[in-house]
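Inspection log for the structure reproduced underneath, given as structure tokens.
The values are calculated or read from the model by the stated rules, or taken from the named source; none is laboratory data. Keep in mind that this is a model prediction, so the values were computed, not measured. Counting neighbours? That spans all protein chains shown, and the Cβs are built from the backbone with ideal geometry, glycine included. What goes into the accessible areas is simple: the full protein's heavy atoms, side chains included, and nothing from ligands, DNA or RNA. Shrake-Rupley method; radii C 1.70, N 1.55, O 1.52, S 1.80 Å.
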Amino acid sequence: ACALLSDQTIKCWGLNTNAQMGDPAYDPGTTTYVGSPVVAGTSMTGVTSIVAGRSSHICVTKTDNGVYCWGFNDFGMLGNGLPVANYVFPSVAVTGLTSISTMSLGAHHSCAKMSDGTLRCWGQNIYGQLGDGSFTNRPLIIQPPITGVSSIAMGDDHSCAVFPDNTVKCWGYN
């Protein structure tokens with residue numbers, strides 16, 4: 001779990017099996033339980049929101065409208081174009097995003113809703129959870145966006161969006 005404090009400090013606690021603490025002092029790949037909140041992402045400034053994924057990664061939005069992620073990148077869910085399994089700290093910028101409205105993370109995929117209502121997703125796609133009509137993992141945002149989205153929510157292996165007419169559409173693992 002992580003929290004964004006009023007001074008823009010990020011604190012995380014819990015397991016650190018995938019470098020979620022965002023602090024090199026906590027060895028990635030261990031199951032060392034951190035019972036008290038510790039400062040994470042110490043090089044972060046201008047953070048406006050934080051979203052924790054289900055099992056392996058964390059992303060923040062910043063005042064520059066960028067998205068930055070850290071943790072385990074086994075399916076490219078950090079969005080930096082590297083599909084290889086590796087632990088990432090400090091954070092990396094997600095390539096190709098501007099004007100972020102909100103974010104949601106699944107277990108191994110990530111999605112961002114842009115201020116114009118488009119939805120962009122990346123990462124694991126073995127169940128079609130990215131919504132691009134394929135089952136190909138995407139370490140970069142290259143698929144056409146889903147448009148007209150009001151709000152989003154991600155589960156482990158599925159994605160859902162609410163549209164302006166209050167309809168809900170979901171895709172991925174059922």
Task: Percent accessible area from carbon and sulfur atoms, the chain, protein chains only, probe 1.4 Å - done: 52
Task: Per residue solvent-accessible surface (Å²) - the chain, probe of 1.4 Å - done: 45
Task: Spin-label pair SER55/TYR33, simplified geometry with 7 Å Cα→Cβ offset, distance in nm - done: 2.0
Open item on the list: I'd like to know which of ASN125, GLY96, SER151 lies farthest towards the positive end of the charge dipole of the stretch 65-174, counting +1 on Cβ of Lys and Arg and -1 on Cβ of Asp and Glu.
Closed with: GLY96
- [ ] Over all alpha-carbon pairs in the stretch 36-174, figure out the percentage whose distance exceeds 25 Å.
- [x] 19
Task: Hits among lysines - C-alpha to C-alpha of LYS169 under 20 Å, sequence gap 8 or more where chains match - done: LYS113
